[in-house]
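Chemist: Below is a structure I'd like to ask you about.
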Amino acid sequence: MADKKVLTDRAINALKPAPTGKRVTVHDALVPGLVVRVTDRGHKAFYLSARLPPNNQGGRRLIGEYGKVGLDEARDTARRWHELIRKGVDPKDEQRRVKDAARREQASRFSLVAERFLERTSNQRRAKDVRRIVEGVLLPEWGDMMLADITRADVVGIVSDIAPRAPAQARAVFGVARALFNWAIEVYELDASPCDRVNLERLIGKRRKRDRVLNDDELKAFWAATEEMGYPYGTMFRLLLLTGARKNEILQARWSEIDTGKALLVIPPERFKSDRTHLIPLSRHALSLLEGVPRTDAGVYVFSTTLGARPVSKIAEAKARLDGIMRKALPDIPHWVTHDLRRTLRTRLASLRVPGNIAELVLGHGKRGLEQTYDQHEYLDEMREALEAWAGRLRDIVEPPPDNVLSLTGRNAG
């Protein structure tokens, strides 16, 4: 059954359900091929009836359900589809192309790209730092933008805003952004990274090489301050100085990584900078510190304020407190950062005449060149001797022996 009339909303609403098992089709008199079909349950929908490419065979293409699609919109769609048909394009294929393009566009929205990037980097050593930068800096600026719409000027803008107050953070933000876009080039249809050819030195300035080493008086103040702070932060800072480990290697240490029998801290690849297992010999002094750390049966992390459930956080606040206590003894102490403890240890090992290659291995710096290929000795005994010598020297500094007693480390160093 077919009918033809100038469709109006009033006329469409007045259409009755078709007989059971039938369909009623009403043709629009204004736009050729535009029809309303009514089912036996009263559902109404717009279709375009036409001869379709590529075979010029008759067929229908659904425009949309009446109510969700208005009459004027249906007529506009029908006219547009007639143009496509004249160009040899099936409206169904065009609908599929538009939907696919919309999905690709939605998928390339920066917020979704960033989410996938964070999933990909979730097991990496600095995953928390990366997430903090993405969620705290990049997403608020670019979250709603399409990936391809982010320009070099956008990158420069973010870096330039941060650089005057925090140059190191500006470099870190740029590094994360560059890693994200380089990854996106491989995964998404992105021709180039907006981070390419950004001159960081011009934006931020030259990276200053740090050479800060704590002297004897500062080490005394450090040791006294960490004693006052106690567990967890004071003990953590002490272990950093005794081992030369990186901050997160100690901060996130788990009890399962400590082998007291072999006196080793075993840093797994996912927490080590070079994606390999790193063994840190623990001196007797370091083991003594760990023996004094409270531990529960369910505790996972060594340094924790949650009974081992989570590692400590708010390290910046702890460092500020440490600085404040140290200034009581040394009001004019120059600024230093936690990483300077590693440099202090490395410098002190040199003063103890520890061979350079052993000192570098203590810090977790791998062998280089042919040495990496041909020298497979682990040097654990040599590293342990170096750290024991440093622990002894540190003890002489912070707890100097009486004048009539010659320290063992002092005699050996001389």
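Just so you know, all these numbers are worked out from the coordinates, no wet-lab data involved. Given the structure is predicted, the values throughout are model-derived calculations rather than measurements. In this analysis, Cβ positions are derived from the backbone assuming ideal geometry, glycine residues included, and neighbour counts consider all displayed protein chains.
Chemist: Among Met326, Met145, what is the fewest-to-most ranking by other Cβ atoms within 10 Å?
Modeler: Met145, Met326
Chemist: Moving to a separate point now. Which whole-number percent of Cα pairs in the stretch 21-147 have a distance greater than 25 Å?
Modeler: Tail of P(r) above 25 Å: 50 percent of Cα pairs.
Chemist: Ok, one more. What number, in percent, do you get for the relative contact order of the chain if the mean sequence gap of Cα pairs under 8 Å and at least 6 apart is divided by its residue count?
Modeler: So the answer I get is 10 percent.
Chemist: Counting only other residues whose beta carbon sits under 9 Å from that of Val337, what net charge do I get with K and R as +1, D and E as -1?
Modeler: With Lys, Arg at +1 and Asp, Glu at -1, the net is +2.
Chemist: Along the stretch 242-256, what does the Karplus equation 6.51 cos²θ - 1.76 cosθ + 1.60 (θ = phi - 60°) give for ³J(HN,Hα), rounded to whole Hz, x for Gly and Pro?
Modeler: Listing the rounded values in order: 6, 9, x, 6, 6, 3, 5, 5, 8, 4, 9, 4, 10, 4, 5 Hz.
Chemist: Over all alpha-carbon pairs of the stretch 170-297, lay out the pair-distance distribution in 5 Å bins, whole %, shortest bin first.
Modeler: Taking every Cα pair in the stretch 170-297, the percentages come to 2, 8, 13, 14, 13, 12, 11, 9, 8, 6, 2, 0.
Chemist: Further question: At 0.36 nm per residue, minus the direct Cα-Cα distance, what do Ala166 and Asn182 gain on full extension? Give it in nm, one decimal, please.
Modeler: This chain segment gains 3.3 nm when fully extended.
Chemist: Mind pulling the per residue volume of the convex hull built on the Cα atoms of the stretch 235-323? Å³ is fine.
Modeler: Considering the Cα atoms of the stretch 235-323, their hull volume per residue is 102 Å³.
Chemist: Another question, then. Using the Kirkwood formula over every pair of different C-alpha atoms, what hydrodynamic radius in Å results for the stretch 216-413?
Modeler: 17.7
Chemist: Just the projected area, averaged over all directions, of the convex hull on the alpha carbon atoms of the chain: how many nm²?
Modeler: 34.4
Chemist: Out of Ser288, Val98, Val187, whose Cα points farthest toward the positive end of the dipole of the chain (charges: +1 Lys, Arg; -1 Asp, Glu; placed on Cβ)?
Modeler: Going by the charge dipole, the pick is Val98.
Chemist: Roughly what % of DSSP beta bridges within the stretch 2-102 run antiparallel, to the nearest 5?
Modeler: In the stretch 2-102, approximately 75 percent of DSSP beta bridges are antiparallel ones.
Chemist: When 1/r is averaged over all different Cα pairs and the result inverted, which Kirkwood radius in Å belongs to the stretch 110-204?
Modeler: Evaluated on the stretch 110-204, it is 13.4 Å.
Chemist: Let me ask something additional. For Ile325, Ile250, Ile258, what ranking results if the residue with the fewest other Cβ atoms within 10 Å of its Cβ goes first?
Modeler: By the 10 Å Cβ count, ascending: Ile325, Ile258, Ile250.
Chemist: Per DSSP H run of n ≥ 4, the term is -39500 (n - 2.57); total these for the chain, divide by its residue number, and report the mean residue ellipticity at 222 nm rounded to 500 deg cm²/dmol.
Modeler: Calculated mean residue ellipticity at 222 nm is -14500 deg cm²/dmol.
Chemist: Let me ask you something else. Using just the Cα positions, wrap the stretch 286-325 in a convex hull and report its mean projected area in square nanometres, one decimal place.
Modeler: 3.5
Chemist: Further, regarding this structure: Sorted from fewest to most neighbouring beta carbons within 10 Å, what does the list Trp336, Trp390 look like?
Modeler: Lowest count first: Trp336, Trp390.
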